[in-house]
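Student: Submitted below is the structure of interest, expressed as structure tokens.
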Amino acid sequence: MTTNSAELNKDTPLIKVENLVKSFGNFNALDNISTQIQKGEVVVIIGPSGSGKSTFLRCLNRLEEPTGGKIYFEGVDITDKHTNINKHRQRMGMVFQHFNLFPHMTIMKNLTIAPIKLQGISQEEAEKKAQSLLDRVGLGDRKNSYPGQLSGGQKQRIAIVRSLCMNPDVMLFDEPTSALDPEMVGEVLEVMRDLAKQQMTMAIVTHEMNFAKEVASRVIFMDDGKIIEENTPAEFFKNPKSDRAKLFLSKII
Amino acid sequence: MNIAKKILITVLAAFTLLSVASCSSSEDANTLVMATNAYFPPYEYYENDKVVGIDPDIMEAICADLGMTLKIEDMEFDSIITAVQSGKADIGVAGMTVTEDRLLSVSFTDPYTTAKQVIIVTEDSPIATPDDLAGKTIGVQTGTTGDIVITGDYEDEGLATVERYNKGNEAVLALTQGKIDAVVIDNEPAKVFVETNEGLKILETEYITEEYAIAVNKENTELLEKLNASLAKLKESGKLDEIIGNYIKAE
Amino acid sequence: MTNLLLSASFAERFTLNFIKEDRWKYIVDGLGVTLTITIFAVIIGIVLGMLVAIVRSTYEKTGKLWLFDKICRVYLTVIRGTPVVVQLLIIYFIIFGSVKIDKIVVAIIAFGINSGAYVAEIFRAGIMSIDNGQFEAGRSLGFNYAQTMFYIVMPQAFKNVLPALGNELIVLLKETSVSGYIALQDLTKGGDIIRSRTFDAFFPLIAVALIYLTIVMILTKLVELLERRLRNSDH
């Protein structure tokens, strides 16, 4: 497979969202959202619960099927029914709140099954890559364990590595630390911080405001299925413009 | 080890159950329970939800003579003797032929009629004599005289394949569908089957001749004597021939 | 009444039932037929059941395949709503009405189709019991629907339903005992034939019962072993 990103003009955004709508019956979870994510950006999406931020993230790889609007990934309209979404998902890693590791497979199998089956990489090569990534997150010795034998923090680090093994162009994080015991949040954020340093493009839905301040290149504040405010973290946290953002920040800080 | 122990327990349980079963007797003293297999016209068959035929008529006549009530139980043919033996039925009447093997398990009354086994084939069949059955697939009703004779003469000798159906009509159905080549069965039901199914015929050759009698539990000599006495009366009065004549026209 | 068990002719009766005229062969040959039918029917049942379960759960999850779902529902209703012996007779005398066909094949088809309906519901319950997050994780990596089912959902579902599947196998083995209705000489019919020759209920029935029991106990043990093995591989 050719990397579309290499062919792209430097100015083309990695992800471009145009007038995205998602409704469940009469309820509009996402109401006409447009934004862009550039290569190398770390975009943190925040907002009150029910604001549509998770739905927005899940629409980006069509785990949630958009009701209207367009999403371009590396210049390709992935909302087009004729697009093979499976191909594009291989380049969009996703990390879930509840890890969703495969309990019937060893850690090594969890990490290598997709590269082997989907990218045609040899088992040896896949395992080598998985091992080096495991070492990087400090879990090199757990490759033969099963997910059930790991702590929540360890599971989430493995889940991040599982996505990284596919060499994605973007990583989507859906509240990656919300299901963790407080003492385990740090180890997961550490891995994400590390990824950001390596210029990985990331879209993160989170409640970790300190992490957002420190790592994000841009903050998107959502409420009622709309993007209310978009700004650098420094500016957003110091001078929120909208009343809703002010109210939200006053409640959580 | 464990499995062996479990099996042993099961065997013991089965023994106990069987002992209990064989001690229980059927119904009250005035009801005569008759075990039969009602797929054997004209001896016994269903008509309007009732088992009718030569055997039920004869038994009704005998019961009238003995002042008893007849109760008919329809079951698989190969269960009839067991039912009589275990006391679940008082008598077995199902166009049953007296054989040496059967005499080991039950007593038989005097014969009430004679019958023969015949071969049914399709009209275009190349089979013309019993010898032609070699190499063919022969349908029978499990446990009937036809089954036993064909098994001995053909299957045990490796000459033909035998398919044992639970009911005579199923064997005939299989014959009409071309699943088997011939059916060996009693002459009277054979006539009915050939009449009601187009394209079948009975071979002229008589294969086996036999006598039908009533099976009675070996212990129950009193009933056996009563039945024989009653049968003798029916024979003498011509009632027996009359019943049979109602179903079978003289040839 | 005679107590058959206490009669002195125990050995004689054994000889009459099993030794005379090589009657034991009815049992041994019948066992072969019973096992053949069971093994092949179970394979058909699992394949068919899996397909039906996938169609049904796909419909339940995504609303797709509604036509196939309808067909599957009819299949499940008809098969689970009628006795297997009636299905067997229908397949033999009506569907293969004028065909000369090996009766073992008829029985395998009948019991396979029958078992498929029960296996389908077992698998469907198994699939629905797997957390949707597993499914989403598979899809987010780039696996298509079928691959996600095959690599991720089905192996977990299979493990969850193994006890129920083992039970279905045991039920199937025992249900094949009605094969005699189409003049197939399976284990039960083998016993029946001996019974019709010797008019002895005890030996043929108990022998047949013990053989079924032994097979069922072996199967139970095997399922237990398999279950333990699969369980060791997680948590």
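Student: For segment A:215-226, how many residues are in a loop (DSSP other than H, G, I, E, B) and surrounded by fewer than 23 Cβ atoms within 10 Å (Cβ to Cβ)? It would help to see each step written out before you state the result.
Tutor: First pass over segment A:215-226, keeping only residues in a loop (DSSP other than H, G, I, E, B): A:216-217, A:224-225.
Then drop every residue that is not surrounded by fewer than 23 Cβ atoms within 10 Å (Cβ to Cβ), which leaves A:217, A:224.
Residues flagged as in a loop (DSSP other than H, G, I, E, B) and surrounded by fewer than 23 Cβ atoms within 10 Å (Cβ to Cβ) within segment A:215-226 amount to 2.
Student: Could you list all residues from segment C:174-222 that are crowded, with 23+ Cβ neighbours inside 10 Å, under 22 Å from B:VAL106 (Cα atoms) and among the β-branched types (Val, Ile, Thr)?
Tutor: Selection gives C:ILE193, C:ILE194, C:THR198.
Student: Turning to a different aspect of this structure: Say whether the condition of being under 20 Å from the mean Cα position of the chain (by Cα) and closer than 17 Å to C:LEU169 by Cβ is met by at least one residue in segment C:90-102.
Tutor: Taking segment C:90-102 first, the residues under 20 Å from the mean Cα position of the chain (by Cα) are C:90-92, C:102.
With the extra rule that they be closer than 17 Å to C:LEU169 by Cβ, the set shrinks to none.
No, the conditions are met nowhere in segment C:90-102.
Student: With segment A:57-169 as the region, which helices (runs of 4 or more DSSP H) entirely inside it contain at least 3 residues that are of a type in the set (A, V, I, L, M, F, W, C)?
Tutor: On the way: elements: A:85-89, A:107-119, A:123-136, A:152-164.
In segment A:57-169, A:107-119, A:123-136, A:152-164 are the helices (runs of 4 or more DSSP H) which contain 3 or more residues that are of a type in the set (A, V, I, L, M, F, W, C).
Student: Would you tally the residues in segment B:101-146 being among the acidic types (Asp, Glu), away from chain C (no Cβ under 11 Å) and within 20 Å of B:LYS218 (Cα to Cα)? Quick ask: steps written out before the conclusion?
Tutor: Step one: of segment B:101-146, the residues among the acidic types (Asp, Glu) are B:101, B:110, B:123-124, B:131-132.
From what's left, away from chain C (no Cβ under 11 Å): B:110, B:123-124, B:131-132.
If we keep only those that are within 20 Å of B:LYS218 (Cα to Cα) as well, we get B:110.
Total satisfying the criteria: 1.
Student: Output the residue which, of all residues in segment A:100-145 that are facing chain C (nearest Cβ under 9 Å) and of a type in the set (S, T, N, Q), is most open to solvent (accessible area, probe 1.4 Å).
Tutor: A:GLN119
Student: Looking at C:ILE182, C:ILE218, C:ILE152, which one is in contact (Cβ under 8 Å) with a residue 12 or more places away in the chain and more than 7 Å from every other protein chain (Cβ to nearest Cβ)? Please lay out each step first, then the result.
Tutor: Values: C:ILE218 fails: in contact (Cβ under 8 Å) with a residue 12 or more places away in the chain; C:ILE152 fails: more than 7 Å from every other protein chain (Cβ to nearest Cβ).
That would be C:ILE182, the only listed residue that is in contact (Cβ under 8 Å) with a residue 12 or more places away in the chain and more than 7 Å from every other protein chain (Cβ to nearest Cβ).
Student: When A:PHE73 is evaluated against the numbered criteria (1) open to solvent by 40 Å² or more (accessible area, probe 1.4 Å); (2) in contact (Cβ under 8 Å) with a residue 40 or more places away in the chain, which criterion, by number, is the only one it fails?
Tutor: (1)
Student: Right, something else. Can you report the number of residues in segment A:120-156 which are touching a residue at least 60 places away in the same chain (Cβ under 8 Å) and basic (Lys, Arg)?
Tutor: Initially, segment A:120-156 is screened for residues touching a residue at least 60 places away in the same chain (Cβ under 8 Å), giving A:156.
From the residues that got through so far, the ones that are basic (Lys, Arg) too are none.
Matching residues across segment A:120-156 total 0.
Student: Then there's this: For segment A:227-245, enumerate the residues that are surrounded by fewer than 18 Cβ atoms within 10 Å (Cβ to Cβ) and out of contact with any Lys or Arg (no Cβ under 8 Å at 6 or more places or on another chain).
Tutor: Correct list: A:GLU235, A:LYS238, A:ASN239, A:LYS241, A:SER242, A:ASP243.
Student: Could you tell me how many of the residues in segment C:100-120 are open to solvent by 40 Å² or more (accessible area, probe 1.4 Å) and more than 13 Å from chain B (Cβ to nearest Cβ)?
Tutor: So the answer is 3.
Student: Right, something else. Considering B:ASN220, B:ASN228, B:ASN197, which residue is polar (S, T, N, Q) and away from chain C (no Cβ under 14 Å)?
Tutor: On the way: B:ASN220 fails: away from chain C (no Cβ under 14 Å); B:ASN197 fails: away from chain C (no Cβ under 14 Å).
After ruling out the rest, the residue left standing is B:ASN228.
Student: Return only the number of the condition from (1) part of a helix (DSSP H, G or I); (2) of a type in the set (Val, Ile, Thr); (3) under 28 Å from B:ARG164 (Cα atoms) that B:VAL33 does not satisfy.
Tutor: Answer for B:VAL33: the failing condition is (1).
Student: Restricting attention to segment C:100-130, report how many residues are of a type in the set (A, V, I, L, M), in a helix (DSSP H, G or I) and either under 18 Å from C:ASP186 (Cα atoms) or free of Cβ contacts under 8 Å to residues at least 40 places away in the same chain (or both). So that I can check it myself, show each step before the final result.
Tutor: Step one: of segment C:100-130, the residues of a type in the set (A, V, I, L, M) are C:101, C:104-110, C:113, C:117, C:119-120, C:122, C:125, C:127-128, C:130.
Now drop any that are not in a helix (DSSP H, G or I), which leaves C:104-110, C:113, C:117, C:119-120, C:122, C:125, C:127-128.
This time we only want the ones that are either under 18 Å from C:ASP186 (Cα atoms) or free of Cβ contacts under 8 Å to residues at least 40 places away in the same chain (or both), so: C:104-110, C:125.
Total meeting the criteria: 8.
Student: A follow-up question, please. Consider C:LEU230 carefully, then state whether it is assigned to a helix (DSSP H, G or I) and in contact (Cβ under 8 Å) with a residue 40 or more places away in the chain. Before you say what the answer is, go through the steps one by one.
Tutor: Numbers: assigned to a helix (DSSP H, G or I): yes; in contact (Cβ under 8 Å) with a residue 40 or more places away in the chain: yes.
So C:LEU230 fits the description; yes.
Student: Determine whether segment B:89-99 contains at least one residue that is crowded, with 21+ Cβ neighbours inside 10 Å, within 18 Å of the chain's Cα centre (by Cα), of a type in the set (Val, Ile, Thr) and not in a strand (DSSP E or B).
Tutor: Within segment B:89-99, one or more residues are crowded, with 21+ Cβ neighbours inside 10 Å, within 18 Å of the chain's Cα centre (by Cα), of a type in the set (Val, Ile, Thr) and not in a strand (DSSP E or B).
Student: Continuing with this model, one more query. What are the residues in segment C:137-153 that are surrounded by fewer than 20 Cβ atoms within 10 Å (Cβ to Cβ) and in a helix (DSSP H, G or I), if any?
Tutor: Here is the first cut: in segment C:137-153, the ones surrounded by fewer than 20 Cβ atoms within 10 Å (Cβ to Cβ) are C:144-147, C:150-151.
Passing the criteria: C:TYR145, C:ALA146, C:GLN147, C:PHE150, C:TYR151.
Student: Out of the helices (runs of 4 or more DSSP H) lying entirely within segment B:154-251, which hold 3 or more residues that are of a type in the set (Gly, Ala, Ser) and open to solvent by 30 Å² or more (accessible area, probe 1.4 Å)? Break it down into steps so the answer makes sense when it comes.
Tutor: Working: elements: B:168-176, B:187-196, B:221-237, B:239-247.
Those helices (runs of 4 or more DSSP H) span B:221-237.
Student: Of all the residues that make up segment A:170-194, how many are open to solvent by less than 10 Å² (accessible area, probe 1.4 Å) and either assigned to a helix (DSSP H, G or I) or within 18 Å of A:ILE113 (Cβ to Cβ) (or both)?
Tutor: 2
Student: Going through segment A:196-205 one residue at a time, which ones are touching a helix residue (DSSP H, G or I) at 6+ places or on another chain (Cβ under 7 Å) and either at pLDDT below 95 or part of a helix (DSSP H, G or I) (or both)?
Tutor: A:ALA196
The values are calculated or read from the model by the stated rules, or taken from the named source; none is laboratory data. This structure is a prediction, so every number in the text was calculated from the model and none was measured. Using ideal geometry, Cβ is built from the backbone for each residue, glycine included, and neighbour counts are taken over all protein chains shown. Accessible surface is based on the protein model in full, side chains and every heavy atom, while ligands, DNA and RNA are left aside. Shrake-Rupley method; radii C 1.70, N 1.55, O 1.52, S 1.80 Å.
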